[in-house]
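The values are calculated or read from the model by the stated rules, or taken from the named source; none is laboratory data. This structure is a prediction, so every number in the text was calculated from the model and none was measured. In this analysis, Cβ positions are derived from the backbone assuming ideal geometry, glycine residues included, and neighbour counts consider all displayed protein chains.
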Ligand SMILES: [Zn+2]
């Protein structure tokens, strides 16, 4: 785990934070909610076979634990694409209190008191914050989104639409499946190379007929190339599959699982 990461426990509620993000934020774990069965207990997904009532109560508990307004939770739509949307007052609450009007795996905002949340159970959720312009974002990337360049695209949208400064922008790559556990066939490294070029080669390991891709390493590299300073790009270093006692891992559970959230709020 990166030295700036903290594990916070408040009663049954467990989440992770990063000292480099001086705003309300959290990478949630399985613990602290009311769901049961394979979604026990802090499942934040409405499409995981959980009851809607439980999921809504879990959001209320998250809001209470982290000190944000539950009415203003605004959610990403996770379809492994590379759309990035700016959250204005009209979109606040989307995904939880009003229908989702976007197809965006990443959302960004300059609005205060607006918790943005993206979801993970092996995928990389990155929280972004610029202390100079006071702007924030959340970006969900599995290997498809990473290959499609959604992370640097999120930085570009923040810079162009919100005036975010790349030199001061901070990014924290949350708990996610890491290279030693992320075994794939040739399709993943091939897609990576096809879309991102030779820069991905140092992050791909061949083991027999299988491949191990360092998604976080690629993410960090893409963020640096997008203009972020090395000290402002933090890889949490936590593997969801190695720590499946604390996190849902899609791989570990064969997809029978709840889902965690990475949340940030100005
Ligand atoms: Zn692992």
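General remarks:
- Some residue of the stretch 210-221 being more than 16 Å from the ligand (Cβ to nearest atom) and either more than 17 Å from residue 144 (Cβ to Cβ) or at pLDDT below 95 (or both): yes
- Filtered residue count, the stretch 176-190, keeping only those that are farther than 21 Å from residue 259 by Cα and near the ligand (Cβ under 10 Å from one of its atoms): 1
- The set of residues in the stretch 234-257 being more than 15 Å from the chain's Cα centre (by Cα) and either crowded, with 21+ Cβ neighbours inside 10 Å or not in a helix (DSSP H, G or I) (or both) consists of 241, 242, 243, 244, 245, 246, 254, 255, 256, 257.
Here is a yes/no grid of residues against (1) surrounded by fewer than 23 Cβ atoms within 10 Å (Cβ to Cβ); (2) away from the ligand (no atom under 16 Å from the Cβ); (3) part of a loop (DSSP other than H, G, I, E, B):
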| residue | (1), (2), (3) |
| --- | --- |
| 140 | no, yes, no |
| 161 | yes, yes, no |
| 166 | yes, yes, yes |
| 206 | yes, yes, no |
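- Count - residues of the stretch 38-55 that are free of Cβ contacts under 8 Å to residues at least 24 places away in the same chain and under 20 Å from the mean Cα position of the chain (by Cα): 3
- If the condition is being surrounded by fewer than 23 Cβ atoms within 10 Å (Cβ to Cβ) and either closer than 17 Å to residue 240 by Cβ or at pLDDT below 95 (or both), then the stretch 30-44 contributes 30, 31, 32, 38, 40, 41.
- Here residue 216 passes the criteria (1) touching a helix residue (DSSP H, G or I) at 6+ places or on another chain (Cβ under 6 Å); (2) under 15 Å from residue 233 (Cβ atoms); (3) outside any strand (DSSP E or B); (4) in contact (Cβ under 8 Å) with a residue 40 or more places away in the chain except the one numbered (1).
- Candidate set: the stretch 45-68, residues that are under 21 Å from residue 23 (Cβ atoms) and touching a helix residue (DSSP H, G or I) at 6+ places or on another chain (Cβ under 7 Å); chosen: the one surrounded by the fewest Cβ atoms within 10 Å (Cβ to Cβ): 60
- Complete set of residues in the stretch 115-150 that are out of contact with any strand residue (DSSP E or B) (no Cβ under 6 Å at 6 or more places or on another chain) and over 27 Å from residue 254 (Cβ atoms): 130, 131, 132, 133, 134, 135, 149
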